[in-house]
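Report on the structure given below.
The values are calculated or read from the model by the stated rules, or taken from the named source; none is laboratory data. Only a predicted model underlies this, so the values are computations on that prediction, with no experimental measurement involved. For neighbour counting, all protein chains shown are included, and Cβ atoms are generated from backbone atoms with ideal geometry for every residue, glycine included.
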Amino acid sequence: MLETVKNTILILTALFPIVNPLGNTPIFLGLTRESSSTQRAVLARRIAVNSFVLLIASLLIGTHILSFFGISLPVVQVGGGLIVISTGWTMLNWKAEERGAVQQSAPGSDDVLAKAFYPLTLPLTVGPGSISVAITLGANAPHHPGMNPLSLFSDVAGSLLIALSVYLSYAFGERLARILGPSAMGVIMRLSSFLLVCIGVQILWNGASALLAHVLANAQ
C-alpha cells in the first residue's frame, strides 16, 4: 500500500507542473472568449475527461502504441513542440479587440465541443511534454507478472487527481478573471502565450537534440 501511495505522489509531482492547469487557465479563457459560462463549464468537464484518458493511456500503453507505429519519443516531442509553438504564437498576436470581443449570439454546443479535444485538451492541457513524461513513468514503473491492481490504482488515482485539478481551474477560471479585471487578464494572457511559445521551443529542442545525438552516434 505504501508503494501505491508513493507511485501516486510521483505521478502528481511529475505531471502537475507540466500540465499546469492554473497557468493554462488564462489561455483557456482566451480560446473560449466567445463561449458562455455554461458552455465553459461543459468544456471544462469534457477537457478533464479527455485529459484523464490521455494520461492513463500514456501511462499504461503509451510505449506499446509508439512501438507499434515505430515512433520514438523525440519525434513526438518535435511534432508536439511545433503545435505548441503555433498555438502560442497565434494567441500572442491576437489584437486587443479580438481578445475582448464577445459574440452576441453564443455558438452552439456542438461548435464549442468541437474544440474540446484540439486544441483545448491537446496540446494546451495535456501536451507532448505531459505525454512524454507519462510514457516515461509508465515505462519505468516496476513490472510484476500478471495484472498488478495496486500499480493500476496508483496510475488511475494520479491521473484522476490531475484531471480534477484541470476541471476546477477551468470551471472557476471566469470568476478569477472577474476579480482581476480585463487589464490584468490581458497582461497574464500575453505572458502565458509567450511562455507557451517558450515551452514549445523547449519541447522541440529536447526532441531535436535527442534525434541529433542519435544521428551523430550512428555516424561515428
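See the values below:
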{"item": "Matching residues in the range 1-26 - criterion: being more than 12 Å from the chain's Cα centre (by Cα) and not hydroxyl-bearing (S, T, Y)", "result": "M1, L2, E3, V5, K6, N7, I9, L10, I11, L12, A14, P26"}
{"item": "Tabulated pairs, the range 34-54, first free of Cβ contacts under 8 Å to residues at least 40 places away in the same chain and farther than 16 Å from L161 by Cβ, second buried (at least 16 other Cβ atoms within 10 Å of the Cβ) and of a type in the set (S, T, N, Q), C-beta under 8 angstrom, 6+ apart or interchain", "result": "none"}
{"item": "S192, sole failed condition from (1) in contact with a Leu (Cβ under 7 Å, 6 or more places away or on another chain); (2) surrounded by 18 or more Cβ atoms within 10 Å (Cβ to Cβ)", "result": "(1)"}
{"item": "Odd one out for L196, checked against (1) more than 30 Å from L59 (Cβ to Cβ); (2) among the aliphatic types (A, V, I, L, M); (3) touching a residue at least 40 places away in the same chain (Cβ under 8 Å)", "result": "(1)"}
{"item": "Some residue of the range 45-53 being more than 17 Å from S159 (Cβ to Cβ) and either touching an Asp or Glu at 6+ places or on another chain (Cβ under 9 Å) or not hydroxyl-bearing (S, T, Y) (or both)", "result": "no"}
{"item": "Selected residue (criterion: nearest to the chain's Cα centre (by Cα)) from residues of the range 163-176 that are in contact (Cβ under 8 Å) with a residue 12 or more places away in the chain and farther than 20 Å from T87 by Cβ", "result": "A163"}
{"item": "Residue match in the range 186-194 (condition: of a type in the set (A, V, I, L, M), in a helix (DSSP H, G or I), under 15 Å from the mean Cα position of the chain (by Cα) and at negative phi)", "result": "no"}
{"item": "From the options T125, T136, T121, residue that is farther than 21 Å from L92 by Cα and in contact (Cβ under 8 Å) with a residue 24 or more places away in the chain", "result": "T136"}
{"item": "Given (1) under 16 Å from the mean Cα position of the chain (by Cα); (2) surrounded by fewer than 20 Cβ atoms within 10 Å (Cβ to Cβ); (3) not hydroxyl-bearing (S, T, Y), number of the condition G80 does not satisfy", "result": "(2)"}
{"item": "Options T32, T87, T63, T38; residue that is over 18 Å from the mean Cα position of the chain (by Cα) and within 28 Å of E174 (Cα to Cα)", "result": "T38"}
{"item": "Which listed residue, of V215, V197, is under 26 Å from G80 (Cβ atoms), over 17 Å from the mean Cα position of the chain (by Cα) and among the β-branched types (V, I, T)", "result": "V215"}
{"item": "Filter result (outside any helix (DSSP H, G or I), more than 16 Å from A48 (Cβ to Cβ) and either at pLDDT 90 or above or not hydrophobic (A, V, I, L, M, F, W, C) (or both)) within the range 125-159", "result": "P142, H143, H144, P145, G146, N148"}
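So that you can scan it fast, the table gives a plain yes or no per residue for (1) modelled with pLDDT of 90 or more; (2) among the hydroxyl-bearing types (S, T, Y):
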| residue | (1), (2) |
| --- | --- |
| I9 | yes, no |
| T13 | no, yes |
| G70 | yes, no |
| P123 | no, no |
